[in-house]
1. If I stretch the segment between residue 118 and residue 45 completely, what's the gain in nm (0.36 nm per residue apart, minus their alpha carbon distance), one decimal?
2. Compute the separation of the alpha-carbon centres of segment 81-100 and segment 125-144 and state it in Å as a whole number.
3. Would you calculate a helix-derived [θ] at 222 nm for the chain, using -39,500 (n - 2.57) for each DSSP H run of n ≥ 4 and dividing by the full residue count, to the nearest 500?
4. Only helices at least 24 Å long along their axis, Cα-based, and averaging -1.0 or more on Kyte-Doolittle count here, so list those DSSP H runs from the chain.
5. Might you report the magnitude of the Cβ-based charge dipole of the chain about its Cα centre, with Lys and Arg at +1 and Asp and Glu at -1, to the nearest 20 debye?
6. With every protein chain kept in place and ligands, DNA and RNA left out, what is the accessible area per residue of the chain? Probe 1.4 Å, answer in Å².
7. May I ask you to derive the relative contact order of segment 84-269, considering only C-alpha pairs under 8 Å and at least 6 residues apart, and to give it as an integer percent?
8. Could I have the simple spin-label model distance between residue 160 and residue 136, label points 7 Å from Cα toward Cβ, reported in nm to one decimal?
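The values are calculated or read from the model by the stated rules, or taken from the named source; none is laboratory data. Source: prediction; values computed, not measured. Using ideal geometry, Cβ is built from the backbone for each residue, glycine included, and neighbour counts are taken over all protein chains shown. These accessible areas exclude ligands, DNA and RNA; they are computed on the full protein's heavy atoms, side chains included. Shrake-Rupley method; radii C 1.70, N 1.55, O 1.52, S 1.80 Å.
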Amino acid sequence: MAATAHRPTARKRPAGAPTREPVRRRGRVIQWKGYLYALPALIVLTVFLLVPLGQLVQISLFHWDGISVSTWAGFDNYTEIARDPQLRAGFLHSFVLILFFSVIPIALALMLAAVTTRAGRLRGVSVFRAMIFLPQVVAMVVTATAWTAIYAPDGVLNTALRAIGLEAVARPWLGDFSTALPAVGLIGTWLEIGLCLVLFIAGIGQIPAELYEAAKLDGAGAVREFFAVTLPGLRGQITVALTLTVIAALRTFDLVYVATHGGPGNATSLPAYEVYNRAFGTGQVGSACAIAVTLTAVILLLTFLITKVQPQEDET
């Protein structure tokens, strides 16, 4: 009897079991649908951000006055930033403004948030919060004009100093080389406190009340309660506030343009103001683009570092 070849029989798929191919197809359909939903936003991002940014980088590699034919410059416009004392001073002034726009407002807003939260039942607290936030809704040009009048030689500040016998302290605050930059910085402090305060009050509202009750049972006072419960619970809000205020400090333009025009001398010159001045004042469009690209890189780098420094919450 001849031997018959044994053929392996294919395993039968259980009834109702899904096949892999339809799953892959269905996965591709869902993936492409997601891209289609995001396509309008990607088009807007490309047309209004990525393409201009690419043109900015391209122009920064040329010597161009905005009218005549451009000439190749390579990285000369970038090396000029390191060689030119005025440009170096502009970036240094921006880092000084971070102290006034970011560090001081965050510190003051943390204290105000803790105080106003504990005194939430007192009359007028909501009005006080609204007044602190008011500078955020006022146009920067209006703010700069008002503070220029306050800092004027015959303005409110000097009049008040003379009234209390401190006439020797009175001076043209925006016209003095030693006080112009701190005076601009204090305007930034006044502007950013409201934003930080709103963020921190919202963050305190998300902290579980049980943590405060446990701290009180342990005998913690107001100060210890703040450092043990409130401050750790606001890590995310502090990171957001730090990011927003640092960016605001580095890209400051309209405040300086209205209040000081970068003066006296270049005491309040900033990178954003130099971009405008070189592009529309001195006809150095290539140099202005190089400054803008460098400023963008600095902002992105600092933003990245801030997000990396933030302590990560433990996952449970």
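1. On the way: separation 73, 0.36 × 73 = 26.28 nm, distance 4.37 nm.
That works out to 21.9 nm of additional length.
2. Result: 28 Å between the Cα centres.
3. Working: 15 runs with 194 residues, N = 316.
It lands at -19500 deg cm²/dmol.
4. Values: long enough: 20-45 (37 Å, -0.02); 180-206 (40 Å, 1.77); 285-309 (36 Å, 2.16).
Counting only whole DSSP H runs, the qualifying helices are 20-45, 180-206, 285-309.
5. Working: 24 positive and 18 negative charges, 426 e Å.
That gives the chain a dipole magnitude of about 2040 debye.
6. Values: 19930 Å² over 316 residues.
Result: 63 Å² of accessible area for each residue.
7. Details: 196 pairs, mean separation 72.6, N = 186.
Reported as a whole number, the value is 39 percent.
8. For the pair residue 160/residue 136, the computed spacing is 2.4 nm.
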